[in-house]
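Taken together, the values in this text are just the output of simple stated rules run on the coordinates, not laboratory data. All values derive from a computational prediction rather than experimental measurement. A quick note on method: Cβ atoms are made from the backbone with ideal geometry, for glycine too, and the neighbour counts reach across all protein chains shown.
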4 protein chains.
Amino acid sequence: MRAVVYRKPFDVAVEEVPDPRIEQPNDVIVRITSTCICGSDLHMYEGRTTAEPGIVLGHENLGIVEEVGGGVTALEEGDRVVMPFNVACGFCKNCLAGLTGFCLTVNPSGFAGGAYGYVAMGPYPGGQAEYLRVPFADFNCLPLPEGTEHEADYVLLADIFPTGYHGCELAGVAPGETVAVYGAGPVGLMAAYSALLRGASRVFVVDRVPERLAKAREIGAVPVDFSAGDPAGQIRDQTGGEGTDKGVDAVGYQAMAPAGDHEEPASVLNELVRTVRPTGALGVPGLYVPADPGAADENARHGMLLVAIGALFEKGLRVGTGQANVKRYNRQLRDMITEGRARPGFVVSHELPLDAAPVAYQKFDQRVDGYTKVILKPDAT
Amino acid sequence: MRAVVYRKPFDVAVEEVPDPRIEQPNDVIVRITSTCICGSDLHMYEGRTTAEPGIVLGHENLGIVEEVGGGVTALEEGDRVVMPFNVACGFCKNCLAGLTGFCLTVNPSGFAGGAYGYVAMGPYPGGQAEYLRVPFADFNCLPLPEGTEHEADYVLLADIFPTGYHGCELAGVAPGETVAVYGAGPVGLMAAYSALLRGASRVFVVDRVPERLAKAREIGAVPVDFSAGDPAGQIRDQTGGEGTDKGVDAVGYQAMAPAGDHEEPASVLNELVRTVRPTGALGVPGLYVPADPGAADENARHGMLLVAIGALFEKGLRVGTGQANVKRYNRQLRDMITEGRARPGFVVSHELPLDAAPVAYQKFDQRVDGYTKVILKPDAT
Amino acid sequence: MRAVVYRKPFDVAVEEVPDPRIEQPNDVIVRITSTCICGSDLHMYEGRTTAEPGIVLGHENLGIVEEVGGGVTALEEGDRVVMPFNVACGFCKNCLAGLTGFCLTVNPSGFAGGAYGYVAMGPYPGGQAEYLRVPFADFNCLPLPEGTEHEADYVLLADIFPTGYHGCELAGVAPGETVAVYGAGPVGLMAAYSALLRGASRVFVVDRVPERLAKAREIGAVPVDFSAGDPAGQIRDQTGGEGTDKGVDAVGYQAMAPAGDHEEPASVLNELVRTVRPTGALGVPGLYVPADPGAADENARHGMLLVAIGALFEKGLRVGTGQANVKRYNRQLRDMITEGRARPGFVVSHELPLDAAPVAYQKFDQRVDGYTKVILKPDAT
Amino acid sequence: MRAVVYRKPFDVAVEEVPDPRIEQPNDVIVRITSTCICGSDLHMYEGRTTAEPGIVLGHENLGIVEEVGGGVTALEEGDRVVMPFNVACGFCKNCLAGLTGFCLTVNPSGFAGGAYGYVAMGPYPGGQAEYLRVPFADFNCLPLPEGTEHEADYVLLADIFPTGYHGCELAGVAPGETVAVYGAGPVGLMAAYSALLRGASRVFVVDRVPERLAKAREIGAVPVDFSAGDPAGQIRDQTGGEGTDKGVDAVGYQAMAPAGDHEEPASVLNELVRTVRPTGALGVPGLYVPADPGAADENARHGMLLVAIGALFEKGLRVGTGQANVKRYNRQLRDMITEGRARPGFVVSHELPLDAAPVAYQKFDQRVDGYTKVILKPDAT
């Protein structure tokens, strides 16, 4: 089959690779109809990871069940399904607690958590391809309504819609609250959108790219341009000096210093400590890593960051971190899409055939021509 | 009346000061029968704060209602009461949410939260004295059973028993879980004791003072001597390599480096990140401050600490911080004492008359002669 | 001052009564600008309670602080405030837990809970009047933005908006869930509206009055006309046979039998047991009473109803009951109104001067001329 | 193999039946070493169900994995495991929410929930036998420490320890609270024991059998003999007139009238409404059924019971019902046993070889010779 293969930094290609096959009775094979390129794919693309050449990329996958293993109970050939980016077993201690992003079974490295097509996340080829093997399929496939409707909404259930929602869940966003979301990329916009779906009274979105801020405004959030000055100050000014009840970090360790001229990995965390009012909470779905070879200083290379712990403690803040447990949210979010109550697809900028992947990676990486969220369609021509 | 007054670093005295009086209709005056010296009093004693000479110390207070303001509803002369160290109004946004440690009303400085006898926590003289004025008395007085029984247990409801319990609450300690508590001082022991009361299956307590570790063992915890090597490693070895479900930092910013020869303010936090298993949670009642003039480096002086954010995120940990909201727990903990289900008084080392305060401060500060937790008795001779 | 006084069954009048005055240092006097007639006022109006002639009615009150007691901290003359229908102290065990509808302090009868202008709910005259005395004013007054904007939305914070929301809270309505609300009167509509604000994916509203069902449709709910047949069956048909995740009873003990010809007090409860899927939950803000002299049979007269406990248990349902703890929700709901995220005033049918009260009670009781929710304006002429 | 077979009312026998075998790749076969007789087995034994002759009984099963299906990941031959009485899939909507007692997959009848050896709970033979087939084995087997220690404690993890704990969970029992448990049979004692493990300050246990009340006292609960008068009154007298915070119904629909001379199916529920204070909560693990052919009146035959809904609502009580989701608790409770923090085996009265089953059923049913909880040992002779 054809698949998007990582060859070397800044070089992916659509190549022929062996078809996946049922390896274990709980597997299914899914024919992919939609698969997204994720911002986190760019970490590999840019060569800032230890990903080896040859890996098939893609962890945001939707398609049709093509073949079913002998141990699978609830799925049939022809079912339309979307898979969380996390591969999970469903029966370990963490999966039982709903923390499927930290499955103790699926990653032979001993690391808690697995994913498709991602370095160090286990032996699971990605879905930017014609077919995908899904292990523990009863657990990992979420059924969708038959047909092809809302494909651009449903495919976001694989990662960014639940990841944005997870930011709100980590922060405990409740009806009537005020929320500050840092970052108006796809995940940040999904976090802001989720906050509004959960009944937040006011949601601020901090970024400096005018197009992103415009998107934030469109969905009903208040854009805050940090190039115009201290975002915590701007938000306090708009909240009677109080700050917000909750904050979401949708940026992570590649945050820029306020001046915008170099990375300052804890700058968003520290700005959030200033933004959120005493007793508030922070949700941190934005990625931080324990080893970052590209970091500017020795501490940051080991994931050690200078954080305003004193101020954080004095305010009595709570902080929730970690990658999303997609399975915990995808059913409810699917139902919101099906009933017309959520249309997350507004963040999608391009739908392209699989063969366009090399160009799409390049333009998305350079943030040119409006590439913000790309869906690849392996069955398109 | 007589009261313990801070005069200058390493110098407190029992002096005559004016009697407190009803200043507002919601006040009561309490005749103090038991009042503790707290580890946090030593910050002032050692001159590491901006406390001015003349302040009356003491925020762990128990006594008998002596006089009642005209707006008070539920209290009468003669009632035996214990007061949370936090002064709180009961009706602001934070108090309504149970976050009485962050009251928005009582501190004229604009800071969220008030306390008796403490620098920067509002204009409330302390209770190491014969009498104490208690504002918003219906809210701030917890009634106790008549008499004088269990005085050494009940007085701990003012601060350290709820503060230790708060560490467990911040970490979400649930029945059957494993917990690591760093620090076996009074608060750490109360945290370990609380974890066991909540049904933890195993509680590790990390310290290096043999007497403290012995106390931990007495209450059913597993002592871990960090002078014998890497505590996170010791705990992982005793949990099948997994680490604990939860962790509590009962040390704070004056943590020592593992070698024990100098302060390393984030060392406990970072050790906890290593100790707790992926998906776990940390409760941090241990004090961190945004300004520490005595810190060893410029960053620490501003409360900026080097924290293993990368590892913390990768593990998906949650962190809860901040001083205890005593009011949220003191009623239930009182009932556990009254029914004989809790006897926190095991941490008390000395009960002394008020006049012994200068000696008690000195010996407690030097940790000599077994001074670990002192109750002063203003009515003793 | 002028006030709406209950004289005898089906007879209320606007009469001169003594002005309220500060009786306790924590009191304020509020000049009423908006005060609603509640469906529960009709219980007294119809003579189905033990209310004595002379009682001043009105528990949904909004106005301007006119006079402030000496113990009040956070309010000033001129502040615009809305009061929960519950009178509560703020410091008893139940108030501390946020259960202000069950205050243990304010009702001398020993009953848990107090209210303005309501039989058996304590000595608190109602606010269908020019002025109202508010006890424990710091706790019981919710400040509103200055001015007169959104008066018809804000006044609903006194009761029916939080009461509808409370139904959702009791049922634990979460984002993405399906909900069935029985009753499309003001409280039922507020419950449906709240469910949608909380992110429910689909909300069914059961009634048989076409105008009410039309209102339900307008706000985005699915109307279910029970005169057209078994509502549980209709809802199961629209949920793939499954039933809803959650249910809200906004009808109570005066429920009609399905045929609509006589009262059958447990009919809504039992229909909800059939409507909600296994593991679901019911929120029951709808009133049930332990003594109903007007009931059709001896058991019902004592509040003993025939309930499908066997089916309820087999499905593992959870049930939450009781009048709303308005204080727990009113701040957040206020903020949703202020920010334009909620406009509950859509249920208001009439705004009338106080003198119109006798006619308004009569027409509202008879459900004629579109009287569904009336606001009285004591300052109008 | 030999197994306990139901033949007709009051007649079970140990018979030869076919050995179970792997039927599906996710199955394992367990060699049973301990299996209990449950009070709910007596419903079938007494002929009060539609159980057909030939059914193999037994849903409280512990043993050693003997054979492993090809889809099983985490289990090996020789593993010691205990199985929840619920058979569950691990991936349906209810299992994902932790509500494994209401699995939507395993019961072909369409009913939510499955069990071993129980009428109407699916095609799963029981474990009062030499071997047991366990479907979805990765999900349904809980690993135990190797060896044979604490067998009488661990086997209770299959049902009654988690079921008693579930009663506390349904009622939300929290540290420091007071709890009333109705019924001092094995489940009631486990509920009281669990309440104490969770930190309850005082636990009342209501029964009238002196031996049972003595057991309650032994574990630290307060026995209340209802033959000595109104239990709600007795408990209110011991709680300052207030009643308890929480209540657990461990009796169910076969409750006796206070006089003790006939069944009155809602008598415990209604007594709990009287026992628990306003704002309290009830946990109802005690069985209620929608069809009871043996009931005294027509309503009860359909599970329609006369309940004090008026009083329940006025008090604002919450009620949680349904059979236990054992999987949700068994891991933590296992860890409490392993660490010596819980020893539920104190309720076990007899350990007998499998052949003793007919006598054990008879004596347990008649409550003679101290038969309260019997463990059958298929490998004993």
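Worth pointing out:
- Measuring max minus min along each principal axis, the C-alpha atoms of region A:268-381 give extents of 57, 41, 25 Å (largest first).
- Database remark: amide H of C:Val206 closer than 5 angstrom to the amide H of C:Val181, C:Tyr182, C:Gly183, C:Val224 (H placed geometrically; neighbours at sequence offset of 5 or more, or on other chains; Pro and chain starts carry no H).
- Residues C:Ile160, C:Ile219, ranked from the fewest to the most other C-beta atoms within 10 Å, line up as C:Ile219, C:Ile160.
- P(r) of region A:319-381 over all Cα-Cα pairs, binned every 5 Å from zero, in whole percent: 4, 14, 16, 15, 17, 19, 12, 1, 0, 0
- Relative to its residue count, region A:4-109 spans a Cα convex hull of 128 Å³ per residue.
- ³J(HN,Hα), Karplus 6.51/-1.76/1.60, whole Hz, each residue of region B:77-91, x for Gly, Pro: 3, x, 5, 8, 9, 10, 10, x, 5, 6, 8, 8, 8, x, 10
- Net +/- balance of residues flanking C:Tyr253 in space, Cβ distance below 13 Å, scoring K and R +1, D and E -1: -4
- Cβ neighbours within 10 Å from other chains - mean over C:339-346: 3
- Label points for C:Asp237 are taken 7 Å from Cα along Cα→Cβ. From this copy to the others they lie 5.8, 5.9, 7.0 nm apart, shortest first.
- Residue-count net charge about B:Thr372 - beta-carbon cut-off 9 Å; Lys, Arg +1, Asp, Glu -1: +3
- The amide H of B:Glu67, built 1.01 Å from its N in the peptide plane, has B:Ile29 as neighbours under 5 Å, considering only residues 5 or more places off or on other chains.
- For region A:121-254, convex hull of alpha carbons as volume per residue, Å³: 154 Å³
- Dividing the Cα radius of gyration of the protein assembly as shown by its Kirkwood radius returns 0.95 for Rg/Rh.
- q = 0.28 Å⁻¹, region D:12-51: log10 I(q)/I(0) [Debye, one scatterer per Cα]: -0.99
- Residues A:Glu15 and A:Arg217, FRET efficiency given R0 of 56 Å [Cβ-Cβ distance, rounded to 0.05]: 0.85
- From phi via Karplus (6.51, -1.76, 1.60), per-residue ³J(HN,Hα) for region A:350-363 in Hz, x at Gly/Pro: 9, 10, 9, x, 4, 4, 7, 3, x, 5, 4, 4, 4, 6
- Within the protein assembly as shown, antiparallel bridges make up roughly 60 percent of the DSSP beta bridges whose residues both belong there.
- Distances in nm from A:Leu352 to the matching label points in the other copies, shortest first (labels 7 Å along Cα to Cβ): 6.7, 7.5, 7.6
- Helical contribution to [θ] at 222 nm, DSSP H n ≥ 4, -39,500 (n - 2.57), averaged over chain C, rounded to 500: -6500 deg cm²/dmol
- Total formal charge among the other residues, if their Cβ is under 14 angstrom from that of C:Ser227, Lys/Arg +1 and Asp/Glu -1: -4
- Placing a label point 7 Å from Cα along the Cα-to-Cβ axis, D:Ser109 is separated from the same position in the other copies by 4.7, 4.9, 6.8 nm, shortest listed first.
- Translational D in µm²/s for chain D (Stokes-Einstein at 37 °C, 0.692 mPa s, Kirkwood Rh from C-alpha pairs): 157 µm²/s
- Rounded to 5, the percent of DSSP beta bridges in chain A classed as antiparallel: 55 percent
- Couplings 3J(HN,Hα) for region B:221-235, derived from phi with the Karplus relation 6.51 cos²θ - 1.76 cosθ + 1.60 (θ = phi - 60°), are 8, 9, x, 10, 8, 6, 6, 8, x, 1, x, 4, x, 4, 6 Hz, where x marks Gly and Pro.
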